[in-house]
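The values are calculated or read from the model by the stated rules, or taken from the named source; none is laboratory data. What you are looking at is a predicted structure, and each value in this text was computed from that prediction instead of being measured. Note that we place each Cβ from the backbone using ideal geometry, even for glycine, and neighbour counts take in every protein chain shown. Only protein heavy atoms, including side chains, enter the accessible area calculation; ligands, DNA and RNA are left aside. Shrake-Rupley method; radii C 1.70, N 1.55, O 1.52, S 1.80 Å.
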Amino acid sequence: MSMKYISTRGQSAPMGFQDAVMTGLAADGGLLIPQSIPDVTGRLQEWAELPYRELAFQLTGLFTDIPPDDLKKLISLSYESFRHPEVTPLVRAGDLRILELFHGPTLAFKDVALQWLGNLFEYILSRSGHHLNILAATSGDTGSAAIYGVRGRQHIHIFVMHPAGRTSPTQERQMTAVLDDNVFNIAVSGTFDDCQNIMKSIFRDVEFKTRHALGAVNSVNWARVLAQIVYYFYAGLKVMREEGCPEISFSVPTGNFGDILAGWYAARMGLPVKRLILATNENDILSRFFNTGTYSLGQVVPTLSPSMDIQVASNFERYLYYRIGEDSERLRALMHEFDQTGALSIPLAPGEAVEPLFTAGTGTTADTLSVIGRYHREHGYLLDPHTAVGIAVGERLRKRGEPLICLATAHPAKFSKAILDATGSDLAHHELLDRLADAPTRCKSLPASEQAIRDFIVQNAL
């Protein structure tokens, strides 16, 4: 029997994988999660020998209702555009392993999931004869990766909100230089959290969502998290085999909690993960929660790692559901409390950790610049500022001799100003991005108003 999906808030009927993909955010406002988490402990030895695409096929097959032949074709198609045969290769820098997740078409880790999701949408829509209007919010990389996943597709329009002036110039140009008729970029006069709140509020309006066939590509869509689980198994099993270690740790720069949540699911499935080191920049709501048990809003601080300039992490609700014993009623109460007060807390016994698997810390702007400069000098390796945050915190919290994989989430050329500041040289270039410098762009500027976004969707939806 294929996997069913339920809402964290417990008030939506279970549904199959393809329905979950098209639904995105559950009708009750919750996030869709698998009804159970498979235990793959007995398959680790077999999986350790598999190339990336075959591992992706084996793992995602546990969670989908797509016929195996079709699933294999979808996975193969999704990674055709990646410039490295391993899809997500591991490289050494000093005594760290760096998992390069930026070899897709937009040079960011989001491509791993969004190339897959774009093909999933087209597969489902072509069989149903329906259409889809995607609404997305981005702090930088999700937008361009989502656009490149669905640009030019007949049955899809995509509306991407980004906070005006709060992404890197390169990130903005990667989105706005796509002129396909089905792509609508919106610069919102606010923060990423404003964009995300508008998106979630619109999705909670079930009548509007249904009437305009709205779907989600943000990491509220379970298919995104599923695709990311694969590279934890791929990298973890490879390092364990090569180094003969019984378990592995990961350091993950995170803002919206989706990437590190995939690592948590991998551990729950049976990957021998010793620790997940959660790294935030000065926007540290997540690191504060895992160190204190209190999840409380602060002001969004602009940093050199803009994709992490987030306070409300949309995937946090998935983790919280498990943390409180899969109690949907209690979860609804906690999320209501957070909506009303901007804070929620998990009671902890003396000496109790919020989550034994997580260790959390913050990397500052000074840390970011220092790490970028040092890795270039000592190892000849350029880090983007998000990856540098992960390495700064990973180095600080790493235990002696602990095998550690640091996730590299973007190509440094996407953040050339930060590289220049850190190294004193204009080193960060990529031909794909250099070609965008003089490209024409198209973007609509709108206020941080839900009504303004609704009106724009109504005017331009399929």
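Of note:
- Considering segment 63-154, the qualifying strands (runs of 3 or more DSSP E), each wholly inside and each with 2 or more residues that are under 30 Å from residue 249 (Cβ atoms) and in contact (Cβ under 8 Å) with a residue 60 or more places away in the chain, run over 90-93, 96-100.
- Residue in segment 358-367 that is more than 26 Å from residue 220 (Cβ to Cβ), free of Cβ contacts under 8 Å to residues at least 60 places away in the same chain and more than 20 Å from the chain's Cα centre (by Cα) present: yes
A quick yes/no check of all residues on (1) at pLDDT 95 or above; (2) of a type outside the set (Gly, Ala, Ser); (3) in a loop (DSSP other than H, G, I, E, B); (4) more than 30 Å from residue 44 (Cβ to Cβ):
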| position | (1), (2), (3), (4) |
| --- | --- |
| 271 | yes, yes, yes, no |
| 275 | yes, yes, no, no |
| 278 | yes, yes, no, no |
| 291 | yes, yes, no, yes |
| 295 | yes, yes, no, yes |
| 298 | no, no, yes, yes |
| 314 | no, no, yes, yes |
| 318 | yes, yes, no, no |
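- Counted residues, segment 245-269 - those being more than 20 Å from residue 218 (Cα to Cα), in contact with a Gly (Cβ under 9 Å, 6 or more places away or on another chain) and assigned to a loop (DSSP other than H, G, I, E, B): 1
- Residue identified as farther than 30 Å from residue 430 by Cα and either at pLDDT 95 or above or open to solvent by 40 Å² or more (accessible area, probe 1.4 Å) (or both) among 16, 118: 16
- Test for residue 415: is it modelled with pLDDT under 95 and open to solvent by less than 20 Å² (accessible area, probe 1.4 Å): yes
- Beta carbons closer than 7 Å, at least 6 apart along the sequence or on distinct chains, pair a first residue in segment 199-220 that is in contact (Cβ under 8 Å) with a residue 24 or more places away in the chain and outside any loop (DSSP other than H, G, I, E, B) with a second that is open to solvent by 20 Å² or more (accessible area, probe 1.4 Å) and aliphatic (A, V, I, L, M) for 206/27; 215/22.
- One residue alone among 391, 310 is of a type in the set (A, V, I, L, M, F, W, C) and either modelled with pLDDT under 95 or open to solvent by 50 Å² or more (accessible area, probe 1.4 Å) (or both), and that residue is 310.
- Residue check, residue 160 part of a strand (DSSP E or B), under 30 Å from residue 420 (Cβ atoms) and touching a Gly at 6+ places or on another chain (Cβ under 9 Å): yes
- Residue in segment 248-266 that is modelled with pLDDT of 95 or more and in contact with a Pro (Cβ under 7 Å, 6 or more places away or on another chain) present: yes
- Filtering 41, 60, 23, 64 for residues that are at pLDDT below 95, β-branched (Val, Ile, Thr) and on the phi < 0 side of the Ramachandran plot leaves a single hit, 23.
- Index of the failed condition, residue 43 passing every other in (1) closer than 26 Å to residue 218 by Cα; (2) open to solvent by 50 Å² or more (accessible area, probe 1.4 Å); (3) in contact with a helix residue (DSSP H, G or I) (Cβ under 8 Å, 6 or more places away or on another chain); (4) outside any loop (DSSP other than H, G, I, E, B): (1)
- Applying the set (1) open to solvent by 20 Å² or more (accessible area, probe 1.4 Å); (2) out of contact with any strand residue (DSSP E or B) (no Cβ under 6 Å at 6 or more places or on another chain); (3) of a type in the set (D, E, K, R) to residue 247 leaves exactly one unmet item: (2).
- Selection within segment 83-99 - open to solvent by less than 20 Å² (accessible area, probe 1.4 Å), under 22 Å from residue 59 (Cα atoms) and touching a strand residue (DSSP E or B) at 6+ places or on another chain (Cβ under 9 Å): 88, 89, 99
- Test: residue in segment 126-139 that is touching a helix residue (DSSP H, G or I) at 6+ places or on another chain (Cβ under 7 Å) and open to solvent by 30 Å² or more (accessible area, probe 1.4 Å): yes
- Helices (runs of 4 or more DSSP H) lying entirely in segment 350-462 (those with 3 or more residues that are farther than 26 Å from residue 161 by Cα): 365-379, 385-397, 416-423
- Residue match in segment 21-32 (condition: free of Cβ contacts under 8 Å to residues at least 24 places away in the same chain and either within 24 Å of residue 320 (Cα to Cα) or touching a Leu at 6+ places or on another chain (Cβ under 9 Å) (or both)): yes
- Tabulated pairs, segment 445-459, first open to solvent by 40 Å² or more (accessible area, probe 1.4 Å), second assigned to a strand (DSSP E or B), C-beta under 6 angstrom, 6+ apart or interchain: 445/187; 447/189; 448/188; 448/189
- Selection from segment 202-238 of residues that are over 17 Å from the mean Cα position of the chain (by Cα) and under 11 Å from residue 23 (Cα atoms): 203, 206, 209, 210, 213, 214
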